[in-house]
1. Report the semi-axes of the equivalent ellipsoid for the stretch 1-44 in whole Å, largest first, where each axis is √(5λ) for an eigenvalue λ of the Cα gyration tensor.
2. Compute log10 of I(q)/I(0) for the stretch 1-89 with the Debye formula, placing one identical point scatterer on every Cα and leaving out solvent, at q = 0.11 Å⁻¹, to two decimals.
3. What number comes out for accessible area per residue over the stretch 4-93 if the probe is 1.4 Å? Units Å², please.
4. State to the nearest 20 debye the size of the charge dipole of the chain about its Cα centre, where the only charges are +1 on K and R beta carbons and -1 on D and E beta carbons.
5. Checking the cross-link filter: which lysines have an alpha carbon closer than 29 Å to that of residue 20, excluding same-chain neighbours under 8 positions apart?
6. Of the accessible area of the chain, with the probe set at 1.4 angstrom, what percent is carbon plus sulfur?
7. How do 9, 53 rank by accessible surface area computed with a 1.4 Å probe, from largest to smallest?
Amino acid sequence: MPTTIRLPDDLKIRVVEAAKRAGTTSHGSILAAIAKKAEQEERRADFDQIAEDRYARIAASGETISWQEMRGFLEERLAGKAVPAPTPRQRVR
């Protein structure tokens, strides 16, 4: 399905110049930019869904790990120490 994109003259010039520097065509540059933007939005949607799923699990179970405890665990792991993972606990309100 053909699509028409109307670019302002100043942007069109910038796209043509950038494409020349990259050794491609303006058409190829525009397609690459659209594909990159679509991928970014898909990745953002995936990230948002993972966050929503994790929050739903927290809300359902009421269990969390405090940032202080998790940070200590991660720092020890980064230092190469074999430490047990923190245990989730009921949230305190």
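1. Computed over the stretch 1-44, the values are 20, 14, 10 Å.
2. -0.64
3. I get 89 Å² per residue for the stretch 4-93.
4. Approximately 140 debye in magnitude.
5. 12, 36, 37
6. Looking at the chain in its full context, I get 56 percent from C and S.
7. 9, 53
The values are calculated or read from the model by the stated rules, or taken from the named source; none is laboratory data. Nothing here was measured: the structure is a model prediction, and the numbers come from that model. Every residue, glycine among them, receives a Cβ derived from its backbone with ideal geometry; neighbour counts consider all protein chains shown. Heavy atoms of the whole protein, side chains included, go into the accessibility calculation; ligands, DNA and RNA do not. Shrake-Rupley method; radii C 1.70, N 1.55, O 1.52, S 1.80 Å.
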